[in-house]
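Have a look at the structure below before the remarks.
The values are calculated or read from the model by the stated rules, or taken from the named source; none is laboratory data. Bear in mind that the values here come from a model prediction, so they are computed numbers and not experimental data. Please note: Cβ atoms are built from the backbone with ideal geometry, for glycine as well, and neighbour counts cover all protein chains shown.
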C-alpha cells in the first residue's frame, strides 16, 4: 500500500502556474496611456499641453519599445498539457475584453477634445495619431476574439474594429490567412523583396477582396447569396457605421479629419506587424 502511494506521488503531474499572470494586464497599457494623455492635456498646466499632444508618437516610438526592451525576450511557453486549463480560465478572456471599454473611453474622450474650438490643427493631427495607436492595437484584441467560437466574441471583435473600419479582418484572418499563410496566395504575407509601401495597398485591398470571397462561399454552401442578411460582413459594417454616426452626432463633422487619420494610423500600425512577421 505504501509503495503504491509513493508511486502515485511520484507520477502525479505538477500543476502549471502562470508566473506572468498579472503581467497580461500590460495589454491594457495603450488605452490607459491615451486616456492619461487626454486627462493631462485637459487638466494639466498649460506649459505641459504640448508634451501631452506628442504622447502618441512618444508612446509608439519610445515608451512601449523601452518597456519591451526592459521586459526582454520570453522563451517560456506553457506545457501542452496545461493549455486546456488556461483556456478554461476566465481571467484571460476578461483581460482581453477589458480592452474594449478602455478603447471606447479613449475614442470618446479624444473626439471630445478634437471637437473643441481651442484645439489647434497640429493637436488634432496628433490626437489622431494617439487614437490610431489605440485602435491599431485593438485589431490585436479583435484577433483574439475572432478565434473564439462564440457569436458574442465575434461581435465584440467587430466593435474593436469599428473605429478603423477594418471589419473584413474578422472574416479573412481566421478563414483565409490561417489557411494560406506564407504562400503567394495570402495577401497578409509580405513577399521577399517587397517593401512595406508595396505591401500595404496589396494587403488592404487583397484582404478585403478575400473576405468577400470567403463569405460568399460560406453563404453559397447554405444556398444563400452574398446579399443575405446572414452575411457577417454586413453585420460588421453596420456596427462600424453606427459607431461613426454616433461619434458624429455627439461631436460634429469637425472630427472627420481626425477619424481618417486615426484609421489610417491604426491600420498601418497593424500591417507593419504583419509585414515583419511574415516577410519573405
Pair list, Cβ under 7 Å, 6 or more apart: the range 106-129 residue closer than 16 Å to residue 250 by Cβ, other residue modelled with pLDDT under 95 and in a loop (DSSP other than H, G, I, E, B): 113/119
Restricting the range 169-189 to residues that are under 13 Å from the mean Cα position of the chain (by Cα) and modelled with pLDDT of 95 or more, the residue that is farthest from residue 88 (Cα to Cα): 169
Which listed residue, of 172, 230, 215, is without any contact (Cβ under 8 Å) to a residue 12 or more places away in the chain and either closer than 28 Å to residue 258 by Cβ or in contact with a helix residue (DSSP H, G or I) (Cβ under 7 Å, 6 or more places away or on another chain) (or both): 230
Boolean, residue 91 is in contact (Cβ under 8 Å) with a residue 60 or more places away in the chain and closer than 19 Å to residue 265 by Cα: no
For residue 167: the one exception among (1) touching a residue at least 60 places away in the same chain (Cβ under 8 Å); (2) loosely packed, with under 14 Cβ neighbours inside 10 Å; (3) within 20 Å of residue 216 (Cα to Cα): (2)
Residue in the range 92-137 that is modelled with the highest pLDDT, counting only those that are loosely packed, with under 12 Cβ neighbours inside 10 Å and in a helix (DSSP H, G or I): 101
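Matching residues to (1) more than 22 Å from the chain's Cα centre (by Cα); (2) surrounded by fewer than 16 Cβ atoms within 10 Å (Cβ to Cβ):
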site: 25; (1), (2): no, yes
site: 44; (1), (2): yes, yes
site: 47; (1), (2): yes, yes
site: 56; (1), (2): no, no
site: 60; (1), (2): no, no
site: 63; (1), (2): no, yes
site: 73; (1), (2): no, yes
